[in-house]
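Each remark here refers to the structure printed beneath this line.
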Amino acid sequence: MTAILGALPALLDDEPALPRSLAPGAAALAVAEPARAMVLAALVQRAGRLPLIVAVPTGLEAERLANDLRLYLGTAPSNPSPPGRPCPSNGSARASRPWAGVSGSCTGSATWTPPPAVVVASGRALVQRLGPGAGRTPPQRIGPGDMVDQSNLVADLIATGYRREYQVEHRGEMAVRGSIVDVWPSTTDAPFRIDLWGDEVDRLTEFGVADQRATVHRAEVEIYPCRELIPDQEVRERATALLAEQPWGREQWDRLADGELFDGMESWLPWLSGKERVLFDLVDNDALVVAVEPRRLRDRIADLRAEEAELATTLAATWGADGTAFPRLHTEWERLLVHTEAPVWTIAAVPDSPGVETVVASGWGRDALVDKGRRRTGPPTPPPGRRTPGGGGRRRTRLGRSAGPTPPRRRSGGRPDGR
C-alpha cells in the first residue's frame, strides 16, 4: 500500500496551481485538509528546497500529518515535540537531533547526519527556546562487533536523561541485566537490546515491550540524549551564579548546580541560556517553511505566551519574586522568522484573498485514477497470448475456453431442452 501511495504525489505534476506557486519567495496556497499530506509530498519532489519545514498549530496535528506523510514518502518525517513534560521523549528530537529518524524523505546544522526532506513541528516546538547544546550533541552509534564499555555506556545514558528501571517499558528508559543493556531511545519506535560478550556487542535486536522477547536483528542503533537541557559544566556554573543573583529560586538552582535531572527542568532554560536559540536557528537558508493554517498558528502561539505570562505572575508571588522580570521561554511568531532567511509559504483550507492559488481536491474514482496513471505511463501492455481490443482473434473466456453459443439453461427436474 505504501508503494502505491508513494507514487500518487507525482500525479500532481500537471496540477495548475502548483507550478505557478513554486516561486523563490513567499507564496500562498489553499488546500483542503485531506489533500495536504499529498500536496506537501509533491512539494518535496518539486520545490528544489530542502528540508521542508511544516509548521502546524498543535502537537496532535503535527503527529497526524507526520503519519500521513509517512505513507507518501516511505519514511517518517521528523516531529520535534517540545520538552518540559514528564515523558522524556518529547524534547529529544529538539534536543540534539532535530532531524530524528529521517533520511532523504517528520525536528539543520547537525553535521553528523544528512538533513531530511520534511520536518513537521507544532507551534510550541517552533517557538520554545532550545537548550545550550541543542543541535550539537552527537548520538551514540552502536552495532554488532563494536567495542563498548558497559559501565561507561550506562553512565552516559543516565547523564543524558535516561531512567534506569527494572525493565524497559517506555521511551527514555534503560535496564541492565548481567551483560545485557536494554534501552528505548527517545527517537525510535521500539526498544533495543544490546547483548555484550565482554566489551564487544554480540547481538543487537529490537524487543517487544509486552513479553520482553527479542524480535528483529538490527545493524545499528543511534541513541540520542533524552533531555533537551543537560546539566553540563556551563549550565552548572550558571546555576551556581543564580544562587546569588536570584535567591528566590534557590531550590531549583541547587538541583541544577548539582547536575540533577528532574521533570520540568527545561522550564528554566531562559535563565540558564542567555542566547535565544529556536528551531529555526538550525534551519539553513535553502530550506522552505510552510505555515499550515497561519491564523490558527499565530493564535496558538499567542495563547502559549499568555499562559506563560500568567504562570510567571503566579509563581513570582509564590516565590517572593514580585517585580522580577522573568525571561520568556516562548518567542513570538514574528520574532521566530528573524531566525531564518528561508522563504515562508502558507497553506490554508480556503483562500483568504483573490491571489491565493487553490489546489482543487475531490474524490478520485477508479477510472479517473487509472486515466491519470495512463497519461503518465502510457497504455498498459497486454499480457502475453492475449489480443488487445480490436486486434482480431477469438474472444476468450476467463477460464481460457472459446466463447461459443450460450448453452440452454437446465430447469430443475426437467430435460436439457426445457421440456
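Nothing in this text is a laboratory measurement; each read-out follows from the coordinates by a stated rule. Note that this is a predicted model, so its numbers are computed, not measured. Don't worry about glycine lacking a Cβ; one is built from the backbone with ideal geometry, like all the others, and counts go over all protein chains shown.
Counting only other residues whose beta carbon sits under 15 Å from that of Asp146, what net charge do I get with K and R as +1, D and E as -1?
So the environment of Asp146 carries a net charge of -4.
Take the Cβ-Cβ distance between Thr58 and His170 as r, set R0 to 22 Å, and report the resulting FRET efficiency rounded to the nearest 0.05.
Between Thr58 and His170 the formula returns 0.45.
Quick one: if you stick a label point 7 Å off each Cα along the C-beta vector at Ala317 and Asp202, how many nm between them?
Output for this residue pair reads 6.2 nm.
Compute the distance from the alpha-carbon center of region 238-292 to that of region 37-69, in whole Å.
Between the Cα centre of region 238-292 and that of region 37-69, the gap is 28 Å.
Would you mind counting up the charge near Leu337? Only other residues with Cβ under 13 Å from its Cβ, with Lys and Arg at +1 and Asp and Glu at -1. All intermediate terms of the calculation are to be shown ahead of the outcome.
Values: positive: Arg298, Arg335; negative: Asp281, Glu332, Glu334, Glu341.
Result for the local shell: -2.
For Glu310 and Arg295, calculate 0.36 nm times their separation in residues minus their Cα-Cα distance, and state this gained length in nm to one decimal. The partial results should precede the final answer.
Working: separation 15, 0.36 × 15 = 5.40 nm, distance 2.26 nm.
Result for the pair: 3.1 nm of gain on full extension.
Would you mind checking which residues have amide H under 5 Å from Arg163's amide H? H placed 1.01 Å from N; only 5 or more apart, or other chain.
Glu173, Met174
What's the extension gain from Ser353 to Asp263 if we count 0.36 nm per residue and subtract their Cα-Cα distance?
Details: separation 90, 0.36 × 90 = 32.40 nm, distance 4.53 nm.
Gain on extension, Ser353 to Asp263, equals 27.9 nm.
Mind putting a number on the dipole of region 112-254 about its Cα centre? Charges go on the C-beta only, +1 for Lys and Arg and -1 for Asp and Glu, and I need it in Debye to the nearest 20.
That gives a dipole near 440 debye.
Amide H neighbours of Thr346 under 5 Å, counting only residues 5+ apart in sequence or on other chains, H built in-plane at 1.01 Å?
The list, which skips near neighbours in sequence, is Ala27, Ala28, Leu29, Ala291.
What are the ³J(HN,Hα) values, in whole Hz, obtained from phi via the Karplus relation 6.51 cos²θ - 1.76 cosθ + 1.60 with θ = phi - 60°, for each residue of region 194-205 in sequence order, with x given for Gly and Pro?
9, 9, 9, 10, x, 9, 9, 6, 7, 9, 9, 9
What does the highest-first list of 177-187, 211-221 look like by mean Cβ count within 10 Å?
Sorting 177-187, 211-221 by mean packing, highest first, produces 177-187, 211-221.
What number comes out for the charge environment of Ala257, summing +1 per Lys or Arg and -1 per Asp or Glu over other residues with Cβ under 15 Å away?
Computed value for this residue: -4.
What are the ³J(HN,Hα) couplings of region 284-294, residue after residue, when phi is run through the Karplus curve with 6.51, -1.76, 1.60 and θ = phi - 60°? Round to Hz, x for glycine and proline.
Per-residue couplings from phi come out as 6, 6, 7, 7, 10, 9, 10, 9, 8, 6, x Hz.
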